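One structure is given here, and the rest of the page talks about it.
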Amino acid sequence: MKNTSNSRNDVWWKSSVIYQIYPRSFQDSNGDGIGDLPGILQRLDYLQSLGVDVIWLSPVYDSPNDDNGYDISDYEAIHPEFGTMEDFDALLRGLHQRGMKLIMDLVVNHSSDEHSWFQESRRGKTDPKRDWYIWRAPGPDGEAPNNYQSFFGGSAWELDVVSGEYYLHLFTKKQPDLNWENPDLRQAVYRMMRFWLDKGVDGFRMDVISLISKPEGLPDVVDPHNLDHAYANGPRLHDYLQEMYQQVMSHYDVVTIGECPGMTTENALLYVGAERKELNMAFQFELNALDRGFTKFDVLDWKPQQAFDILFRWDATLNAGGWNNVFLGNHDTPRILSRYGDDGRYCVESAKLLAMFLLSFRGTPTLYQGDELGMPNTHFEHIDEFEDVEVKNFHQLHVEGGGDSAGFVKAANAAARDHARTPMCWDDTKEAGFTQGIPWLKVNPRYPEVNVRAENENPSSVLHFYRKLIALRKSVPALHGPDFQRVESGHPTVFRYRRGKSGDTVTVWLNWSSEHVSCQVNLDGHVVVSTYPDPPSSGSLRPWEGVIFQDKKR
């Protein structure tokens, strides 16, 4: 429904908690091994019991699934694997009836090569839709037009034999990039957005939206180690985002969240500054790159202090005129427990500490399905067990370059996107209650103890801790308001900050390590919640101990 009263003063999304669902892996309702919309509908009471406010739904559009739905062949149709448009409408109604909102994944940097737009575009150089995509003539010796590399490995150019020209694809060759320079293409995108907003969808998470404006003239990339910055922040990006806001978003009471690779603290407020009329929030990836080298499969060591500095710097930047979106993981990352916590001895304690950070830091938290259970990474024995096109492409390049397959699999077991995409664990029955059939991707082997039913029955579980923190965040104004102050902890693994206004504040202490640490914990206040069942001792914190104190009023 249209709402012409929308303004930046209407900020329901600031106090919300967002929960991302990867539909393919959430709940299968018909036994084909693939999660679907009716399956999500079956679990709405679970989502309501968790206390989340907004569901972000990864793509359910019609797609050949070369990149698991991020290659869209029809933006206004539901993929039959997921159900029907009637199923989608029922899901939207069910969420709204329970007081929750739904945001869709908007994927408009590229489409599928099976989309009718591209099928028309490739018919020939004179087709009206030829300019809806980015075509270039070969170089003098038939080579690609420039040295662009795909994010998924290999050249970002594919030769179309019929027309004799190359088309650009920053991701797989089945994901040709759209040409946002073409005004007809932009209007087609805006019409599609209105289609979903008029249905009652509550906003969009915009996939790699920082890439839609290409560098002027498409010059060669100087630094192939940093493709995000090479491709992002093109010369007309903010013109397009402002036009999108004026023509579409300003007419609806919705939220927009940009996935923004290449965004920096220097340009972030161009995206989310409250007066810019572009996006409400953005995902930034500096923390995500902390433990990665030349590619995501080059895994590096990192120190908590590095993460603290990144998080505080982005908080200060985004809240100087915009608003922060707080996240640690999503469908494109390994499990946060295995990446930022301790998935062995301290799996429960560290999962709770990560929850405490996400739900007490300034900004709108975004949780990913299964993290509320403390799901760890899944061990993959062989390359054939992976499903992700990114892993397969980089494995092929690695082996073709003389690398060892087993060595690559070891790296992928730390970094692959498949870890987040393993099925949701609902109970301890076969296939974790996800499906009655054979799951499209193997179930996490720790499902007998890490599942919803078991954790529902255990009041000390990670799931109950998430519920408690979400309820606390809503009931304590200091935890969802704008007031925030960094406080030095005196220890390199201890993260400390204060929330709230003078006289009504809470202080958060987080020991981001598997070691006992000595630090001057101030016990002059009431323990609101702790990752341990008993309060901390003065002068020390236990491994992965997190505590929120209600400060004593003075």
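Of the residues Ala471, Ala478, the single one that is closer than 28 Å to Tyr46 by Cβ and modelled with pLDDT of 90 or more is Ala471.
Of the helices (runs of 4 or more DSSP H) contained entirely in the stretch 449-545, those carrying at least 3 residues that are buried (at least 19 other Cβ atoms within 10 Å of the Cβ) fall at 462-475, 477-480.
When the test is whether a residue is out of contact with any strand residue (DSSP E or B) (no Cβ under 7 Å at 6 or more places or on another chain) and small (Gly, Ala, Ser), Gly490 passes it.
Looking at Gln306, is it surrounded by 19 or more Cβ atoms within 10 Å (Cβ to Cβ) and among the polar types (S, T, N, Q)? Considered against the rule, which asks whether it is surrounded by 19 or more Cβ atoms within 10 Å (Cβ to Cβ) and among the polar types (S, T, N, Q), Gln306 comes out as no. Only one entry of Gly437, Gly401, Gly433 meets the criterion of being surrounded by fewer than 16 Cβ atoms within 10 Å (Cβ to Cβ) and touching an Asp or Glu at 6+ places or on another chain (Cβ under 8 Å), and that entry is Gly437.
Only one of the numbered conditions (1) of a type in the set (S, T, N, Q); (2) without any contact (Cβ under 8 Å) to a residue 40 or more places away in the chain; (3) farther than 30 Å from Asn30 by Cβ is not met by Thr507, and that is (2). Applying the criterion of being part of a helix (DSSP H, G or I) and of a type in the set (Phe, Trp, Tyr) to the residues of the stretch 361-420, the residue that is farthest from the chain's Cα centre (by Cα) is Phe408. The listed residues are Gly124, Gly51, Gly99, and the only one of them that is more than 17 Å from the chain's Cα centre (by Cα) and modelled with pLDDT under 95 turns out to be Gly124.
The values are calculated or read from the model by the stated rules, or taken from the named source; none is laboratory data. What you see is a predicted model; the values in this text were computed from it and never measured. All Cβ positions, even for glycine, are placed from backbone atoms using ideal geometry, and neighbour counts span all protein chains on display.
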